[in-house]
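Okay, structure first, notes after.
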Amino acid sequence: MFIRYHMTPSPVTVTPETTVAEAMDVVQQKNIRHLLVTDGHGVLQGVLSDRDLRSAWPSSVARSQERQRVEELVNNTPVSVLMTRDCLTLTPNATLDDALLLFQSRKIGALPVVSDEDKVVGIFTTADLMNAYRILFGLGEKGSVLISIEDVGDPQAMSRLVQVMEEKQVSFTRLVRTGGGNNRKAMIYLRINTYNIRAVHKALEAAGFTIHIPGEFKE
């Protein structure tokens, strides 16, 4: 759940004096979308995205002579002019939930990870977040299947599910209960590791659970 286990450590950085042309070369060579800008002591100064770099270039419809002049000016501009200075950050001990809320509310694609002294120790992107949740929820594990069970509000449902799985000696790795609302049913999600799905369905139904199968979609 902690950022330190899922971030990219020791990310690529540039200094505020780095030119736009140099930063563009780094982005292309490293195949990355975000650059962290630090001072000589590794303290975060700002964040620069590939979009920031692209937006600085003149329009392709500009006259060739004018475009050449502007391109030359942009190439020699320090990234300090383009970078975002007042940027959000995470600490290594922040959680995936913290990152998700920031990504969702601010519509950003990456967050610097800094120490208590604001020194850069990593970067955490939306791609890192998706990979972290994939691991957290067991997606892609061998023989892994997610079963959806309708939640009727039984306070003992979770313990009963565990008991059924243990009695049938079915390996399971995740058990999640979610509330309903906004046309969503309250559900319990059970991730199991077995290839005999039919036997698990029968055992759950025999214990009084209802396997959820979505009906026809209606707009």
If you check L36, L90, which single one turns out to be open to solvent by less than 50 Å² (accessible area, probe 1.4 Å), at pLDDT 90 or above and touching a Ser or Thr at 6+ places or on another chain (Cβ under 8 Å)? L36
Is there any pair with a first residue in the range 16-43 that is closer than 14 Å to T77 by Cα and a second that is open to solvent by 100 Å² or more (accessible area, probe 1.4 Å) whose Cβ atoms are under 6 Å apart and which are 6 or more apart or on different chains, and what are they? T19/N76
Taking the range 179-219, which residues are free of Cβ contacts under 8 Å to residues at least 24 places away in the same chain and not in a loop (DSSP other than H, G, I, E, B)? G181, R184, R198, K202, E205, A206
Note down all Cβ pairs under 6 Å where the first residue falls in the range 88-100 and is polar (S, T, N, Q), the second is modelled with pLDDT of 95 or more and crowded, with 17+ Cβ neighbours inside 10 Å, and they're at least six residues apart or on different chains. T89/P112; T89/V114
Given the options V121, V114, name the one that is modelled with pLDDT of 95 or more, among the aliphatic types (A, V, I, L, M), open to solvent by 30 Å² or more (accessible area, probe 1.4 Å) and closer than 30 Å to M83 by Cβ. V121
Pair list, Cβ under 6 Å, 6 or more apart: the range 116-144 residue free of Cβ contacts under 8 Å to residues at least 60 places away in the same chain, other residue surrounded by fewer than 12 Cβ atoms within 10 Å (Cβ to Cβ): G143/Y195
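Within the group D118, D151, D128, which residue is under 29 Å from N196 (Cβ atoms) and in contact with a strand residue (DSSP E or B) (Cβ under 7 Å, 6 or more places away or on another chain)? Show your work before the answer.
Working: D118 fails: under 29 Å from N196 (Cβ atoms); D128 fails: under 29 Å from N196 (Cβ atoms).
After ruling out the rest, the residue left standing is D151.
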Among the residues of the range 136-155, is there at least one that is open to solvent by less than 60 Å² (accessible area, probe 1.4 Å), farther than 30 Å from K202 by Cβ and not aromatic (F, W, Y)? no
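The values are calculated or read from the model by the stated rules, or taken from the named source; none is laboratory data. Note that the coordinates shown come from a computational prediction; the quantities given were computed from them, not determined experimentally. We place every Cβ from the backbone using ideal geometry, glycine too, and count neighbours over all the protein chains shown. Keep in mind that these areas ignore ligands, DNA and RNA; they rest on the heavy atoms of the full protein, side chains included. Shrake-Rupley method; radii C 1.70, N 1.55, O 1.52, S 1.80 Å.
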